[in-house]
Amino acid sequence: MSIKKVTQHPSQNEGLIFERSQTGRVGYRLPRLDVDETPIDEIVPAELRRDDELEGVPEVSEVDVIRHFTRISTWNYSIDLGMYPLGSCTMKYNSRLNEKVARIGGFTGLHPLAPEEESQGALELMYRLQEDLADITGLPGVSLQPAAGAQGEMTGVMLIRAFLDQRDGEASRDRRVMLIPDSAHGTNPASAALAGFTVKTVRSNSKGLTDMDHLRELCDQGGVAGLMLTNPNTVGIFETNIREICDVIHGAGGLVYMDGANMNALVGVARPGDMGVDVIHLNLHKTFSTPHGGGGPGCGPCCCTEELAEFLPVPRIEKAGDRYRLNYDLPNSIGRVKAFFGNFGMMIRALSYIYTHGADGLKEATETAVLNARYVANELKDTFHMPYESDCMHEAIFSHKHQTRKGVHTLDIAKRLIDYGFHPPTIYFPLVVEGAMLIEPTESVGRADLDAFVEAMKDIDREAQEDPQLVIDAPHSTRIGRLDEAAAARKPVLRWQPDMEATAKSAS
Ligand SMILES: *Cc1c(COP(=O)(O)O)cnc(C)c1O
């Protein structure tokens, strides 16, 4: 790793906060005590006090702290700064109004252990969100409890397992195969395995769709508990045979789980419940505009058919007359999957998003998301290789095939995009496409931004043909160039130590 000397922007030369430290510098000064000092023993018990000197803490002033963190915050790319075309992640703009609503005192001040009669508003909000999600998916049973997509998946396949155990009794043990297409998100096989299933992979055909013959063949082998399908799938293509796929699985005695992370292509237009899907999870932190990334809280509601509803996690929120209550007394439930009720703040934002859009607005958002992706697909189809001919839905997929002749790969293109001021798209996913670039603009970008992105991609291709080294060495505008990502993941250095700088210098 080399740290380039960049002079364009002062914030780029920011060191560590430890390097700013000056002995004796403080961020505040308190007036002299005009009362007697309370002995430390009366405040902190002896066994909880440290007996060594506090060392190695940076000694800095308030302005040092503010400037340091403000400067490094400008190195982050954020959804508020520009287009964030990460395929499969639906990085749409998060409206400030949602934030405002989530900060209403009655919501933020409510304790999760407050009794039902004092939490009616919050329970009503969750109930209404459940109703709306049921409407949007066409699946009436809803739990808002899962904390994110992957947990929603696990909840979903646990429902399938509970259903099969009840339906088949002892024989359910022989039904433990979960079919998952080769284009699936990596969390799908992980969720299936955690819930006790064995995974078998279904091939995709040359059009990027589920290979129906292979699906039938796997079903004929028996033991099929279900299928975990993403639709539109992870190459952004709508599974046109979705009804038939569901029929085949149901015919084999299994259930269909849909990974709903790509619902941004369907909301207001098509309902998984109408397609024959039995259970789905949604990512409120993608489709319903609640903030995500950086490990922040998510919300991955699980929606299912009437038949599966009795297995949903407890407590269930129920309406009796005009009151709302929590029902813990559901003997067939898979139990709890998350403390309390899930990430309530995300639910407020999602409902705010739904209400501010209304049914028409949600449909329009979906249509715009698809239009934007198709626009990018169309504008770039002569420049970058498109692995599939089918029209894409909310995300467009390309590969580096036209650039590799010059030694330029997907990673180089992604890094060069940073120099052009764009966050790179999702790269090398899905695995079925070699050198994949998965671009999801979402509905929150206008024509001018789309054009700027398309122009940047075309410029990068031109550079790749004429001066490939420029792309291969990118990024050029950042403080740090290419990181050793494998080393960063395997041997993360998470703690600063006084002799670190010397070690880094001698190593480079
Ligand atoms: C994002 C995503 C997930 C996982 O969601 P998390 O909230 O990150 O756990 C699962 N499947 C697909 C297709 C996704 O895009």
| query | Which percent of the accessible area of the chain is formed by carbon and sulfur heavy atoms (probe 1.4 angstrom)? | reply | 52 percent
| query | Which aspartates and glutamates, on any chain, are close to residue 100 with Cα under 14 Å apart, when same-chain ones fewer than 8 places away are left out? | reply | none
| nm² value of the averaged projected area, convex hull over the Cα atoms of region 70-228 | 14.8 nm²
| query | Roughly how much of residue 299 is accessible, in Å² to the nearest 10, using a 1.4 Å probe? | reply | 0 Å²
| Give me the Kirkwood hydrodynamic radius of region 366-490 in Å, from all C-alpha pairs, to one decimal place? | 14.9 Å
| query | Where in region 188-218 is the amide nitrogen less than 14 Å from a point lying 7 Å along the Cα-to-Cβ axis of residue 389? | reply | 206-209
| query | Rounded to a whole number of µm²/s, how large is the Stokes-Einstein D of region 130-217 at 25 °C and 0.890 mPa s, given Rh as the Kirkwood radius over C-alpha pairs? | reply | 167 µm²/s
| What lysines could a cross-link reach from residue 491, if we take a straight Cα to Cα line under 27 Å and drop same-chain neighbours fewer than 8 places away? | 4, 5, 415, 505
| task | Per residue, how big is the convex hull around the C-alpha atoms of region 220-275? Give it to me in cubic angstrom, could you? | result | 83 Å³
| request: Using DSSP, restrict attention to beta bridges with both residues in region 96-356 and report what percent are antiparallel, rounded to the nearest 5. | output: 40 percent
| message | For q values of 0.05, 0.06, 0.12 Å⁻¹, compute log₁₀ I(q)/I(0) with the Debye formula on a Cα-only model of the chain, without solvent. | response | -0.25, -0.36, -1.18
| field | Alpha-carbon centroid distance for the pair region 163-203 / region 352-366, whole angstrom | value | 34 Å
| query | Just the Cα atoms of region 85-137, one point each, no solvent: what log10 I(q)/I(0) does Debye give at q = 0.13, 0.19, 0.20, 0.26 Å⁻¹? | reply | -0.50, -0.88, -0.92, -1.05
| field | Distance between modelled label sites at residue 404 and residue 17, nm, 7 Å Cα→Cβ extension | value | 4.5 nm
| task | Taking 7 Å along the Cα-to-C-beta vector as the label spot, tell me the residue 478-residue 168 distance in nanometres, rounded to one decimal. | result | 4.8 nm
| said: Could you work out the relative contact order of the chain? I mean the mean sequence separation of Cα pairs under 8 Å and 6+ apart, divided by the number of residues, in percent. | reply: 19 percent
| task | Grab the Cα-Cα distance for residue 190 and residue 467, subtract it from 0.36 nm times how many residues apart they are, and report the gain in nm with one decimal. | result | 95.5 nm
| note | Row for region 96-356, column shape: gyration tensor on C-alpha, a ≥ b ≥ c, rounded if a/c < 1.5 i.e. under 1.5, prolate if a/b over b/c, else oblate; value prolate
| query | Sorted by packing (mean other beta-carbon atoms within 10 Å per residue), highest first, where do 324-337, 430-443 land? | reply | 430-443, 324-337
| query | Once the Cβ-Cβ distance between residue 176 and residue 339 is put in as r, and R0 is 22 Å, what FRET efficiency do you end up with, to the nearest 0.05? | reply | 0.15
| Residue separation times 0.36 nm, minus the C-alpha to C-alpha distance between residue 78 and residue 93: what's the value? | 4.4 nm
| query | Excluding ligands, DNA and RNA, what is the solvent-accessible area per residue of region 96-356 at a probe of 1.4 Å, expressed in Å²? | reply | 39 Å²
| field | Efficiency of FRET from Cβ geometry, residue 103 and residue 65, R₀ 25 Å, rounded to 0.05 | value | 0.50
| query | If you wrap a convex hull around the C-alpha atoms of region 122-167 and split its volume per residue, what is the figure in Å³? | reply | 87 Å³
| query | In the chain, what percentage of the DSSP-assigned beta bridges are antiparallel, given to the nearest 5? | reply | 55 percent
| task | Place the peptides 111-121, 153-163, 133-143 in order of packing, highest mean first, counting for every residue the other Cβ atoms within 10 Å and averaging per peptide. | result | 153-163, 133-143, 111-121
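The values are calculated or read from the model by the stated rules, or taken from the named source; none is laboratory data. Note that the structure is predicted; figures quoted are calculated from it, not measured. Glycine gets a Cβ as well: all are built from the backbone with ideal geometry, and neighbour counts include every protein chain shown. These accessible areas exclude ligands, DNA and RNA; they are computed on the full protein's heavy atoms, side chains included. Shrake-Rupley method; radii C 1.70, N 1.55, O 1.52, S 1.80 Å.
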